[in-house]
Amino acid sequence: MEISGWGRHPRIDARVLRPRTFGQLAATVAGEVSLIPRGGGRSYGDSALAPTVVETRHLDQLLAFDPATGVVRCAAGTTFAQLLDALLPHGWFPPVTPGTAAVTVGGAVAADVHGKNHHRDGSFCDHLLSLEVLTESDGVVRCSPTERPELFRATCGGMGLTGVILAATFRLRAVPGPWIEVESHRAPCLEALLERFAAHAQAPYSVAWIDCLARGRRRGRGILELGRHAPGPAAAPREPWRPAVPADLPGWLLARPAMAAFNALYYHRQRRAVTRALRPCRAFFYPLDGIRHWNRLYGRQGFLQYQFVLPAEAAPAGVAAVLDRCAAAGKGSTLAVLKALGPGNDNLLSFPREGLTLALDFRLERDLPAFLQELDRLVVDHGGRHYLAKDARLSAEVFRTTYPRWEEFAAIRERYGGHRRYHSLQSHRLGL
Amino acid sequence: MHNVAIFGATSAIAEAVARRLIKPEARFYLVGRDDERLALVAADLAARGAQVQTQVADLVEVDAEGLVAEVFAALGVVDLILIAYGLLPDQEACEKSLPTTLEAIAVNGTSQVALAMAAAAHLERQGGGTLAAITSVAADRGRRSNYVYGAAKALVATFLAGLRHRFHGRGVRVVDIRPGFVDTPMTARFENKGLLWSSPDRVAGNIVRALEKGSGVYYVPGYWRAIMAVIRALPEGIFHRLPL
């Protein structure tokens with residue numbers, strides 16, 4: 001059947017295998033020459049694409065949960081939505097959550113996802129107590145920061161290339177309820193926005209939406225959202241109606257004029273410099289989950305998401321340079337997301353590092369590849385790197401320059417036989 | 001509904017329904033054929049706070065009266081019995097092989113009638129409780145693409161209608177759940193799942209509302225009631241020309 005990442009580019013015809021038990025999964029994998037594990041299909045590019053994929057959708061069970069300590073062990077196909085449904089009523093919340101609840105725990109480990117609390121709490125894998133991984137060389141093994149630490153460091157952020165992540169054990173965060181107290185700051189330019197990020201480094205959650213089409217003294221204007229878990233009304237928030245985009249929309253709909261209008265509207269919707277509100281946590285963490293199939297907005301040809309991080313010292317200048325390039329080329333993103341990240345970890349291919357990360361969506365157009373290569377140069381020159389979970393086009397050369405520990409990763413993957421069995425379109429392209 | 005028995009607990013719809021029936025003090029008795037899958041489903045419900053017992057059994061081969069007696073002995077009072085297993089046979093294979101046809105009828109039809117009849121006796125003695133089975137919209141009218149499956153489901157559906165009549169006004173509720181197209185392992189071989197397809201979790205929400213509410217026939221999602229009313233009403237002259 002035809003599959004793609006969330007960006008719907010590229011699309012390929014693949015055999016999709018969906019085992020219903022761990023035993024079936026192992027037997028399925030053993031019967032294939034080459035494959036890649038796939039979770040919720042929410043990586044944007046080609047990291048979960050291969051001629052044969054093994055999906056974990058039927059392995060979505062909680063395997064153990066201790067309501068006293070908040071330690072949960074779950075099968076890899078469990079989504080964040082399922083975790084919230086089951087555990088939030090008991091006052092527990094994932095330690096780190098990505099921007100959509102459709103991501104699976106296996107996918108979150110493979111991409112070592114970060115959330116709005118990265119500056120304080122690190123990425124998802126920093127909260128793992130242990131993983132169970134099906135490896136080619138040793139069968140099912142457990143690994144953790146102290147048990148087979150080399151396999152753990154390679155599997156966290158390893159894009160499914162070391163083996164199939166079967167289950168994960170991690171500690172949840174105790175929260176007072178399903179509500180987030182949100183404080184929104186409007187900032188008229190990038191410099192003001194970065195000042196506010198710095199001033200609110202102690203906020204538990206923070207993220208900024210920026211208008212990437214604003215130029216001149218308005219460049220980088222945006223809205224910084226700060227959040228903290230807060231007690232709210234006893235009644236749980238009502239499940240809102242979630243409209244769906246029913247079909248592919250014509251690509252021109254998100255062309256430049258519409259996008260500029262949307263961005264301006266988004267910025268000016270907030271009238272005062274600072275506003276406060278109590279919001280349901282799902283609306284705060286997963287705003288785009290409110291519109292099902294929003295990726296259809298970009299039309300049948302799909303889109304690319306471009307996310308990079310720049311190290312702290314070079315970041316302000318680098319982000320400004322990227323925004324200038326976008327404005328000059330008339331390439332805009334409907335929504336651009338900027339976030340200050342905290343220190344990175346020791347995982348070999350994990351994306352986050354201390355600095356600023358910017359995520360931009362680009363409609364696929366003929367001149368996009370050349371434009372993104374220009375941005376690649378800016379990212380490399382400023383000492384940054386790209387998020388593999390969003391990538392569909394990076395060159396092996398840029399990858400190897402910006403992920404200097406790739407050889408260590410390759411060695412551990414080889415030690416566990418992953419190079420013989422697990423390949424994605426992305427791993428081939430990146431020379432892994 | 002605190003004490004729940006599920007026959008065919010490893011099915012995708014049954015699993016999604018069970019998760020939605022979790023509440024403090026919930027107790028489950030799960031019966032299924034695949035032991036590893038059954039253990040997985042049981043572990044999940046236990047992690048969510050339920051007490052769970054399991055039994056591995058092939059429900060076509062099993063002694064239905066003995067099994068139902070064990071379930072009642074284990075749970076004491078049984079609030080809900082859900083028959084949720086099924087196998088979608090390949091219609092062409094059935095047409096070429098009588099044993100395949102009869103096996104499909106046994107899995108989807110007669111074995112379920114046996115369980116329902118045995119359960120009815122216990123529920124009658126108990127003086128209350130709900131008996132539910134997942135049948136199918138295929139039960140509504142024979143179609144060339146799946147009439148073996150449809151006929152077996154129709155057997156169960158008519159049997160449930162009779163039980164409903166028998167128990168009218170006596171506290172025992174009988175629920176016939178008719179899902180439309182649901183994206184489960186049973187239907188994995190169909191590609192290009194369009195607008196009429198639902199997820200197991202979506203139909204589980206509808207099913208739990210039906211189980212809590214009443215007695216009768218419930219199409220899930222609800223719009224299938226209208227679709228099937230049209231399908232049933234079509235005269236054969238038109239129906240035979242449709243690519244169904």
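The values are calculated or read from the model by the stated rules, or taken from the named source; none is laboratory data. These numbers were taken from a predicted model, which means no experiment stands behind them. Here the Cβ positions follow ideal geometry from the backbone for every residue, glycine too, while neighbour counts run over all protein chains shown. For accessibility, only protein heavy atoms count, side chains too; no ligands or nucleic acids. Shrake-Rupley method; radii C 1.70, N 1.55, O 1.52, S 1.80 Å.
Before moving on, here are some points about what is shown:
- Shown here for segment A:68-167: GluC sites (Glu not before Pro) in loop regions (DSSP other than H, G, I, E, B) with at most 14 other Cβ atoms within 10 Å, namely A:Glu147.
- When the Cα gyration tensor is reduced to axis lengths a ≥ b ≥ c, the ratio a/c is 1.5 or higher for segment A:27-138, and with a/b above b/c it is classed as prolate.
- Of the Cα atoms belonging to chain B, the radius of gyration and Dmax stand at 17.5, 55 Å.
- Projected onto their three principal axes, the Cα atoms of segment A:256-366 cover extents of 43, 39, 29 Å, largest first.
- Cα shape, segment A:319-432, gyration tensor, a/c 1.5 rule: prolate
- Using C-alpha pairs under 8 Å with a sequence gap of at least 6, the mean separation divided by the residue count of chain B gives a relative contact order of 18 percent.
- Which of A:Leu304, A:Leu425 is most accessible, then next, and so on - probe 1.4 Å: A:Leu425, A:Leu304
- Cα-centred dipole magnitude for segment B:99-244, charges only on beta-carbon of K, R (+1) and D, E (-1), debye, nearest 20: 320 debye
- Exposed GluC sites (Glu not before Pro) absent - longest run of chain B, DSSP non-H/G/I/E/B, at most 10 other C-beta within 10 Å: B:62-190
- For segment B:1-87, with all protein chains in place and a probe radius of 1.4 Å, 48% of the accessible heavy-atom surface sits on carbon or sulfur.
- Positive-end ranking of B:Val68, A:Leu253, B:Tyr29 along the dipole of the protein assembly as shown, with charges on Cβ about the Cα centre, is headed by A:Leu253.
- Distance violations [Cα-Cα > 26 Å] among B:Lys153/B:Lys213; B:Lys23/B:Lys153; A:Lys331/A:Lys390: B:Lys23/B:Lys153
- For segment B:183-231, the calculated P(r) over all alpha carbon pairs, in 5 Å bins from 0 to the bin holding the longest distance, is 5, 17, 24, 24, 20, 8, 2 percent.
- Radius ratio Rg over Rh of segment A:329-379, counting only Cα atoms, Kirkwood formula for Rh: 1.05
- Average Cα contact separation per residue, chain A, under 8 Å, 6 or more apart, as relative contact order %: 19 percent
- Accessible area per residue in Å² at 1.4 Å probe, computed on segment B:109-244: 47 Å²
- Solution diffusion estimate, µm²/s, Stokes-Einstein, segment B:128-233, Kirkwood Rh from C-alpha pairs, 10 °C, viscosity 1.306 mPa s: 110 µm²/s
- For segment A:6-63: Kirkwood Rh in Å [reciprocal of mean 1/r, alpha carbons]: 12.0 Å
- Counted charge near A:Asp248, where neighbours are those whose Cβ lies closer than 10 Å (Asp, Glu -1; Lys, Arg +1): +3
- Dipole in debye (nearest 20) - the protein assembly as shown, about Cα centre, beta carbon charges: Lys, Arg +1; Asp, Glu -1: 2380 debye
- Whole-percent carbon and sulfur share, accessible surface of chain A, 1.4 Å: 54 percent
- The local environment of A:Arg142, defined by Cβ-Cβ distances under 15 Å, has a net charge of -1 under the rule Lys, Arg +1 and Asp, Glu -1.
- Accessible surface computed residue by residue for segment A:375-432, with neighbouring protein chains in place and a 1.4 Å probe, gives 43 Å² per residue.
- Across segment A:139-282, Cα-Cα pairs more than 18 Å apart make up 72 percent of the total.
- Mean residue ellipticity (222 nm) of chain A, computed from DSSP H runs ≥ 4 via -39,500 (n - 2.57), nearest 500: -7500 deg cm²/dmol
- Which of B:Phe72, A:Phe80 is most accessible, then next, and so on - probe 1.4 Å: B:Phe72, A:Phe80
- Relative contact order of segment A:306-375, taken over Cα pairs closer than 8 Å and 6 or more residues apart, is 41 percent.
- About its Cα centre, segment B:34-135 has a charge dipole of approximately 380 debye under the convention of +1 per Lys or Arg Cβ and -1 per Asp or Glu Cβ, with nothing else charged.
- Protein heavy-atom accessible area occluded, B/A pair - total, 1.4 Å probe, Å²: 1400 Å²
- Order of exposure, largest accessible area first, which applies to A:Cys189, A:Cys74 with probe 1.4 Å: A:Cys189, A:Cys74
- Kyte-Doolittle at least 1.0, axis length at least 18 Å by Cα - qualifying DSSP helices, chain A: A:315-329
- Structural size metrics of segment B:1-72, computed from C-alpha coordinates, are Rg and Dmax of 11.4, 34 Å.
- Chain A - Cys residues lacking any other Cys C-beta under 4.7 Å: A:Cys74, A:Cys143, A:Cys189, A:Cys212, A:Cys281, A:Cys326
- Principal axis extents of the Cα atoms in chain A, from largest to smallest and rounded to whole angstrom, are 58, 53, 44.
- Solvent exposure of segment A:19-81 amounts to 29 Å² per residue of accessible area, where only protein heavy atoms count and the probe is 1.4 Å.
- Evaluated at q = 0.12, 0.15 Å⁻¹, a Debye calculation over the C-alpha positions of segment A:73-228 (equal weights, vacuum) places log10 I(q)/I(0) at -0.61, -0.84.
- Between helix B:64-75 and chain B there is an angle of about 40 degrees, using the helix long axis and the longest principal axis of the Cα atoms.
- Paired Rg and Dmax values of segment B:1-132, which use every Cα atom, in angstrom: 15.2, 50
- Ranking B:Ile13, A:Val72, A:Phe284 by Cα position along the charge dipole of the protein assembly as shown, where only Lys, Arg, Asp and Glu carry charges on their C-beta atoms, puts A:Phe284 farthest toward the positive end.
- Residues of segment B:35-69 that bury at least 40 Å² of accessible area once all protein chains are present, compared with their chain alone (1.4 Å probe, heavy atoms only, ligands and nucleic acids left out), are B:Glu36, B:Arg37, B:Leu40, B:Ala47, B:Arg48.
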